[in-house]
Structure formats: structure tokens, C-alpha cells
Amino acid sequence: MRRATFVALLFLFVSSATADTFDIRALWVVRDHIISKEKIDKVVEFAKMNNYNHLFVQIRGRGDAYYTSQLVPRSHLLTQTDFDPLAYILIKGRQSNIKIHAWFNVYYLWSSPIIPSQSDHLLLSHPEWIDSKSPDPINISNTIGEMKKDRQANGEGFYLAPTHPEVDAHLHNVLTELLQNYSLDGIHFDYIRYHDLGWGLNPIGLKYFLNYNNSMPGLPSLEVKQKPSFAEFKRSAITKFISKASMRIKAYQPDCIISAAVKPNLLSARNTFSQEWDVWLAGGYIDWAVPMNYTMDLSTFDKNIRIMKENLPLKYLDRVVMGIATYNQSARNAGKKIYHAGKNDFGGISVFSYTVFKNEPSYADKLIKYLK
């Protein structure tokens, strides 16, 4: 019995000592926790009390805005008020020496089987921008009807098409407006990927690929070996977006930290979701990669880490901020993963999400020992 107690205490000590090495202790804050001053005050106070120094605050969830915008429809949760959540949490964060990152869902547009209440929502105003797993134009009404019968009928829901040039232009305009109106500590890109394998067949995007592979007007015909595969074309659409976005962000706000939430298995991230985040790190397009290593299974968690270390140059490890889930496991299991992230020399950890701590305060009390 004494030996078991000693081992448990030793584990807690080592875990806490390892967490001390993390310069980055981040927390994801989902959008419904920032719709009032009172809610934001509680978020910031929680972060201070629990040793988080960076907050990823969701200001774009499903093609909507939790900030003041002329380009993006205001969230349905804010229609009865002129409150600006982003402006307020930026003030509160600076008062508490906590960095606020604008969490920006890039391509994910809608997930409900009920159509958006905003008439200017992109799902309604630009259905031709929606990605699909068929080269035929998507019928929004029919798809919504299918989702009412089966929430999984359209997978996670509706995504914008990364290969559609007007989608790309729109997103850069949205980003520019954000940069012009707010002084940000960071921008955190999420859902910067395709829905899944087999998607990416938006008719306009597909037309661009076919035209390119059959030589475009004014360009010399390419040799077959020079022509990109469709998988390469899909990956390049996202990488070009983040490359251009990075230049734009640094031009407006040079000290703004650019990060991306990414799939934790580097190989499937690339091959299934067209998310070549190793290239983004190497190109300097992002300052941090934040792998969503949310698995409950410690061996799978470590396997994802092993794949990263086998495929990433050593110099990039401190730019990896390991994402750890709380919604699907105990505080002790989450704490073990914090410890494993620490002993592998990553730059920090990010916990998903504040919602669990809000709903279950005792969880935070148990986890804090790993964050000191």
C-alpha cells in the first residue's frame, strides 16, 4: 500500500515538473461561452486560476460572426444585442496577461438539419460554394431534408469548397476585415481541411482542375509527369490559402501568432484530409501546429506522437502544441497525456475544452496539478 501511494505521488510530482516546462498552456473556448460580459469574465477568471496563458476563443463557428462584421452574418445567439464578444475578451485578456487567439473555423459552414436563421448566410446565398462528394451541384433543401431523417446523412454537415476560387477570395476578405478592426494576439485556424476522403468534388473546383490538367489558355501544355494529381490539387488549394493568409496576417500584425488545429496522425492528415501541416510548419505559414490528439487510448496518443517525431525535423517540435481532450476521459488520463506531451519536448499543450470545466468544476480541480 505504501509503495502504491509513493508511486502515485511520484507520478504527480513528475507530471507537475514536466508541465512547468510548457511555455504554452492553452485552452479552447467554444463560442456559446462568450455571448455576454458575465460569461467572458468567468472564462478569463477560470484561465487565471488554472494556469492557462493562451485562450483559443471561437469567433467564427458555422459561417457566422461573434464579432462586429460587415461581411459575415452575426450569430443567432447575438441577434438581440450589439455586444461585441471579441472586443471585450481582448480587453479582459490583456488586463489578465492572457493571450487571446481568434479561433476561426475556416471551411466548416453548417451542421444543423435546420436552415440558418440569417438570410445572408453563405449556405443560402452561395450554395455553389459548398463542397461535395459528387461532381453534381448540391441541392441544399434536399440535403437538409435527408439530415432531418439522419444527422449523419451528410457526414459532419456542409463545408465550403477549398478549390472554389470565390471561396478563397471571400475568406481572405473576411480575414482582412478581422485584421483591420482588431489587434489580435493570435489567429487560430480550425477545420482547415476537407470533410473526409472522397470529398473535394465541388463542380467549379473540379472544372479548374480539369482545365489545368488539359492546359489552360495562354499556358504551354504540360507534360503528363508535370501535371498534379487530384490529391495534390486538393492539398495545394488549402496550402495556398494558408500561405497567402500568413503573409496577410504578418503584413497587418507582425506579432500575431498563427496556429492551426490539425489532425494528429500526420500521415492521415495529409492523405485523408489534404492537411499537409508539416509543409505549413516548414514554410513558416504557421507558428504553431496544434494536433487534436483527442484519443482516450494512451498507446494511440503515443503512436501519433511517434509519427510526428519520425516525420518532423527536430527543430519543429517546440512549435507543436499538443491538443488534449477532456470531454471523453478522466482527469487522471488527461493528465497522463499532458505528462507524455511534456517528456517529448513539445512547445506546450492545449486542452479541449472549457465547456467540460464549466459543466464539471471538480474536473478542473483534479487537472490543475498537471498545469502548475
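Each reported figure results from applying straightforward, stated rules to the coordinates on display, with no laboratory input. Since the structure is predicted, the reported quantities are computational estimates derived from the model, not experimental observations. Cβ coordinates were reconstructed from backbone atoms using ideal geometry, including for glycine residues, and neighbour counts include every protein chain displayed.
Protection proxy ranking for 134-142, 270-278, using the average of other Cβ atoms within 10 Å per residue and placing the highest first: 270-278, 134-142. For Lys149, list the lysines whose Cα falls under 20 Å from its own Cα; do not include residues on the same chain fewer than 8 positions away. Answer for Lys149, where 20 Å is the Cα cut-off: Lys133, listed by chain and number. Each label point was placed 7 Å from the Cα along the Cα-to-Cβ direction; for Leu298 and Thr355 their separation is 2.7 nm. Relative to the longest principal axis of the Cα atoms of the chain, the long axis of helix 165-181 lies at roughly 50 degrees.
Report, in debye and to the nearest 20, how large the dipole of the chain comes out about its Cα centre when Lys and Arg carry +1 and Asp and Glu carry -1 on their Cβ. Kindly include the intermediate steps, with their values, before the conclusion.
Working: 43 positive and 35 negative charges, 235 e Å.
Result for the chain is approximately 1140 debye, rounded to the nearest 20.
The phi-based Karplus calculation (6.51 cos²θ - 1.76 cosθ + 1.60; θ = phi - 60°) puts the 3J(HN,Hα) values of the range 346-359 at 6, x, x, 9, 9, 9, 10, 8, 4, 3, 4, 5, 5, 7 Hz, whole numbers, x for Gly and Pro. Close amide H partners of Ile24, meaning residues 5 or more places away or on another chain with modelled amide H under 5 Å apart, are Ile349.
Taking a straight line from the alpha carbon of Lys37, these lysines sit under 18 Å away, with near neighbours fewer than eight places off in the same chain left out: Lys48, Lys92, Lys99, Lys358. Sort the chain into rounded, prolate or oblate with this rule: let a ≥ b ≥ c be the square roots of the eigenvalues of the Cα gyration tensor; rounded if a/c is under 1.5, and if a/c is not under 1.5, prolate when a/b is larger than b/c, oblate otherwise. It is prolate, given that a/c is not under 1.5 and a/b is the larger ratio.
Bridge orientation summary for the chain: considering DSSP beta bridges with both residues in this region, about 10 percent are antiparallel.
For a paramagnetic label modelled on Asp82 (point 7 Å from Cα along Cα→Cβ), amide N atoms under 16 Å away are absent within the range 35-59. Sorted ascending by nearby beta carbons within 10 Å, beginning with the fewest, Asp297, Asp41 become Asp297, Asp41.
With respect to the chain, whose longest principal axis is taken over its alpha-carbon atoms, helix 140-149 is tilted by about 40°.
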